[in-house]
Amino acid sequence: MEKFTTLSATMVAIPTENIDTDQIIPARFLKVTDKAGLGDNLFFDWRYNADGSPKADFVLNTEQGKKAKILVGGDNFGCGSSREHAPWAIMGYGFKAVISTSFADIFRNNSLKLGLLPIVVDKDTHLQLMSLIEEEPDTQVTIDLEAQTLQLPDGRKVSFPIDNFSKTCILNGVDQLGYLQSHAAAVESFEARHPARVNTLAAG
Amino acid sequence: MSSNGHPKTLFEKIWNQHVVVNEPGNPAVIYIDLHLIHEVTSPQAFTGLREKGLKVRRPDKTIATMDHGIPTTPPDIPIEDVMVIRQISQLEKNCAEFGIPLYGLNSPNRGIVHVIGPENGLTQPGMTIVCGDSHTSTHGAFGTLAFGIGTSEVEHVLATQTLLQVKPKTFAVRVDGTLAPGVSAKDIILNLISRIGIGGGTGHVFEYMGSAIRGLSMEERMTICNMSIEGGARAGMVAPDDTTFEYIAGRKHAPKGADWDAAVAEWRQLPTDDGAVFDKEIVINANELEPMITYGTNPGMGMKISDAIPDPATVKDVSERQTLDKALKYMDLQPGQPLLGHKVDVVFLGSCTNSRISDLRLAAGLLKGRKVAGNVRMMVVPGSQQVKQQAEAEGLDQIFKAAGAEWREAGCSMCIAMNGDQLAPGQYAVSTSNRNFEGRQGKGGRTFLASPLTAAATAITGQITDVRTLLG
C-alpha cells in the first residue's frame, strides 16, 4: 500500500446517489485474475458509447477528470456487491480519495484496506464541493489525513471520521494483514478452546 | 437467558464467542469458522499469498466452488469464454496448490456458493461464515453471523483465519402476522427495503424476528437474509429454532449421534435474550403485505404490485427526485402508470435469492398445465446440481419444459450476467434475483425484481401479473 499523508488536488463529481458497484465496474469486467487495466473500464457503461467510443461529456473522459485525484460521489456511494474491483478500478484511474455523504459498508472497508480514502462530509459541505467543482473546476482542496481534515479554498477545514487503526495503516503505507499475523499466538489459543464441532467441513 | 451479564442479542452472543483479540482503539480480530470461495473474487487473494510466501492457514475450514462465470448450457457444450476458462483453471490450480477442497465443474455438489453451504449442512447455527460475495448474508438464516468481504479480506482469512472488524450495530426487523396466499418471503424483504431504503441498514446487522418469520421455512428465511445487503446491512440473521434443526438434521456435514444432541443444546442458547436492546427497530405487519415488485434501478424502489409508479414531481428532496427521475428514464416508465399489464421479454427464475427447490416447486405449481406466453423467454436456473437433481426427481423439469421454459444447469446465470445469460439492451425482465441496478442483467437491460410466484404468473401472461388472479 502507498503511504497517504496529505493531498492537494482538484476534484470531479459524479453526483448520482446510490452509485452501485455494478456501475463502478460492470460484472463482465470481473473475469480478470489480476488488477491490471480495471481503471480503463471504470464506469464503463456511463463512460462509453455502444460502439466503444468515449462519451465526450462524461467527466472521466475530460481533461478535468484525467488530472483530478479526488472523486466526489452522491450519498450511499459503493453500494451493492463486495467486489474489490470497484476500488481497484477507481485507483487504477488515478483517484486517491472519494468524498461522499455516506459509503456502503463493504466498499468503505475495501477502500480502507487499499489506501483509497473514503471521506464522509456533511450535506452542506457536499453541496459546497459540488458548486465549487462546477464554478471553479481548477480549484484544489487539501486532505490532511493526520489531522483528519479537508481544507476548502476559503480556508475552512472540515473534519472527517476514520478509525485510528485504518488511519495509522494508511499513513504508514502498511498492509492490515501484518496486524492479524502478529496475533498468531492468540489465534492458536483461541482455536484450542473453540469447539471442534464448528469445523463443519471435517464432519460427515 | 445468557449465563452472565446483561441480556444479549443473537448477534452479540456469536460476536463475543468469536473475538480473538480486541485492543482498545483497534477493530476486533474475529475468528472465521468457514470460508467459502469462488472463482471471481479469489484469484488476486491467492496471488497475494504467493507474493508474501504465505500458506492457507486452515484449508480444512475453506471450501471452493465455481458459480459466477460458468455457463448454464448442457455440460457437453465446451465453455467458449477464454477469460472464464482462465478463472476456472486458476481456481482449480489454487485449490490444488493450497489443499482446499473444491466442488468443481463436474462435481454433483457444485452450485451457487450460498445454496451449497446450507444444503450440505456446512452452515450451522452460531458460526461465523464469510465469502467474497455480498450475498453471504444468506447463511444468517441459520442463526449464523455471515457476511460478504472484499478480496483483501479473502486474503486475510486465507492467511490467518481471522478478520479485522468494527463491531456493527443491531437492527431488529419484527414481522408479525400471517402472509396471505400469493405473498411470500421475497415480498417481505422487498417491502422492508422499500421502507428503509438501500442504505437503511448501513453499519447494522439485521435480526429478523416475529411470528411471520417463525412461520417461514429455512429456504424462505434464506431468501430474506440473502437480501439484507440490499437494505445496506452486511448481515441478517434469524434465531435458530426447531425449523432450523429439522432442516440441518441428516445433511452431509450435520453433527451425528451424541454430537447432534450436544450441538442442539448449544444452539438453543443462541436466541436473543428477553430484554436485549437493539440499536434500531422496525415493525412490519405481515397481514397487510401484498406481492411486491420493483420499478426502478435499485432494490429500494419497490411497491405493491397493484400500485402506480411514483411520480418524481412529488418527491421533495432534490437528489432523491433526480435519482428517481434517472431511474424511470432508464426503465422507460411513466410516472403514475400501473406496472400491472406491462409486457416483459424475459422471466428469470434463479439466483442465490430464489433458486432452491421450494422456489422451483412454487413456480412449477403455477405453470403446471399452462404455457409460457409467446413473447416471453423463461429461464429456470436451479441453484445447485443437487437442487437440479431433486427437481428432476420430482418431475419439475418436465413441467417447466412442457410450459415452454428453459431448464438449465446450476449457476448464478442472469443474476449477474457474466456467463452469457443476459438481457439484450432495452429488454424487460421479471427476475427472482436480488439486484435491478442499471445493466446488472445485461447492458441496457431492465429488471423488475419479484417473487417466484410473480415471475411464474408473469411468464404465463407475458405481462406483469398479480399472481393472486391466477390462484384457484
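A:Arg197 meets all of the listed conditions (1) away from chain B (no Cβ under 13 Å); (2) at negative phi; (3) surrounded by 14 or more Cβ atoms within 10 Å (Cβ to Cβ) but one, namely (1). For the stretch B:112-135, the set of residues classified as of a type outside the set (Gly, Ala, Ser), within 7 Å of chain A (Cβ to nearest Cβ) and closer than 13 Å to B:Ser42 by Cα consists of B:Asp133 only.
Residue check: A:Val120 meets all listed conditions (1) of a type in the set (Val, Ile, Thr); (2) under 19 Å from the mean Cα position of the chain (by Cα); (3) away from chain B (no Cβ under 13 Å) but one, namely (3). On the stretch given as the stretch B:367-381, residues that are within 23 Å of the chain's Cα centre (by Cα) and either farther than 23 Å from B:Tyr295 by Cβ or at pLDDT below 95 (or both) total 2.
Looking across B:Thr323, B:Thr297, one residue alone is touching a Phe, Trp or Tyr at 6+ places or on another chain (Cβ under 6 Å) and farther than 26 Å from B:Ala172 by Cα. It is B:Thr297. Only one of the numbered conditions (1) in contact with a Phe, Trp or Tyr (Cβ under 9 Å, 6 or more places away or on another chain); (2) away from chain A (no Cβ under 11 Å); (3) within 30 Å of B:Leu270 (Cα to Cα) is violated by B:Thr138, and that is (1). One residue alone among B:Glu119, B:Glu92, B:Glu80 is farther than 20 Å from B:Gln385 by Cα and of a type in the set (Asp, Glu), and that residue is B:Glu80. Take the residues of the stretch A:28-43 that are within 12 Å of chain B (Cβ to nearest Cβ), within 18 Å of the chain's Cα centre (by Cα) and buried (at least 20 other Cβ atoms within 10 Å of the Cβ): which is farthest from B:Glu39 (Cα to Cα)? Among those that are within 12 Å of chain B (Cβ to nearest Cβ), within 18 Å of the chain's Cα centre (by Cα) and buried (at least 20 other Cβ atoms within 10 Å of the Cβ), it is A:Phe43. If the condition is being at pLDDT 95 or above and among the hydroxyl-bearing types (Ser, Thr, Tyr), then the stretch B:1-12 contributes only B:Thr9. Counting only helices (runs of 4 or more DSSP H) that sit completely within the stretch A:94-185, those holding 2 or more residues that are buried (at least 22 other Cβ atoms within 10 Å of the Cβ) and in contact with a Pro (Cβ under 7 Å, 6 or more places away or on another chain) correspond to A:105-114. Could you pull out every one of the helices (runs of 4 or more DSSP H) wholly within the stretch B:382-464 that has 3 or more residues that are within 14 Å of chain A (Cβ to nearest Cβ) and modelled with pLDDT under 95? The helices (runs of 4 or more DSSP H) meeting that bar number zero. When the stretch B:301-315 is limited to residues that are within 14 Å of another protein chain (Cβ to nearest Cβ) and in a loop (DSSP other than H, G, I, E, B), the one that is surrounded by the fewest Cβ atoms within 10 Å (Cβ to Cβ) turns out to be B:Val315. Has the stretch A:50-60 got at least one residue that is within 23 Å of A:Ser100 (Cβ to Cβ), of a type in the set (Gly, Ala, Ser) and out of contact with any Pro (no Cβ under 9 Å at 6 or more places or on another chain)? No, there is no match, as no residue in the stretch A:50-60 is within 23 Å of A:Ser100 (Cβ to Cβ), of a type in the set (Gly, Ala, Ser) and out of contact with any Pro (no Cβ under 9 Å at 6 or more places or on another chain). With respect to the conditions (1) loosely packed, with under 15 Cβ neighbours inside 10 Å; (2) within 12 Å of another protein chain (Cβ to nearest Cβ); (3) not hydrophobic (A, V, I, L, M, F, W, C), B:Glu97 falls short on a single one, namely (2). In this entry, B:Leu179 passes the filter for residues that are hydrophobic (A, V, I, L, M, F, W, C), more than 22 Å from B:Asp273 (Cα to Cα) and away from every other protein chain (no Cβ under 12 Å). Look at the stretch A:22-47: where a residue is outside the structural domain of A:Thr62 (by TED's automatic domain parsing) and at pLDDT 95 or above, no partner that is outside any loop (DSSP other than H, G, I, E, B) and not hydrophobic (A, V, I, L, M, F, W, C) sits 6+ places away or on another chain with Cβ atoms under 9 Å. Within the stretch A:123-164, restricting attention to residues that are of a type in the set (A, V, I, L, M) and out of contact with any helix residue (DSSP H, G or I) (no Cβ under 9 Å at 6 or more places or on another chain), the residue that is farthest from the other protein chains (Cβ to nearest Cβ) is A:Ile143.
The requirement of being at positive phi, of a type in the set (S, T, N, Q), within 17 Å of the chain's Cα centre (by Cα) and crowded, with 24+ Cβ neighbours inside 10 Å is satisfied by B:Ser413. Residues that are modelled with pLDDT of 95 or more and touching a Leu at 6+ places or on another chain (Cβ under 8 Å) number at least 1 in the following strands (runs of 3 or more DSSP E) confined to the stretch B:13-113: B:28-31, B:34-37, B:62-65. Does B:Phe46 satisfy being more than 10 Å from chain A (Cβ to nearest Cβ) and among the aromatic types (Phe, Trp, Tyr)? No; evaluated as a whole, the condition is false for this residue.
The values are calculated or read from the model by the stated rules, or taken from the named source; none is laboratory data. It should be emphasised that the depicted structure is a prediction, and the values quoted were computed from it without experimental measurement. For neighbour counting, all protein chains shown are included, and Cβ atoms are generated from backbone atoms with ideal geometry for every residue, glycine included.
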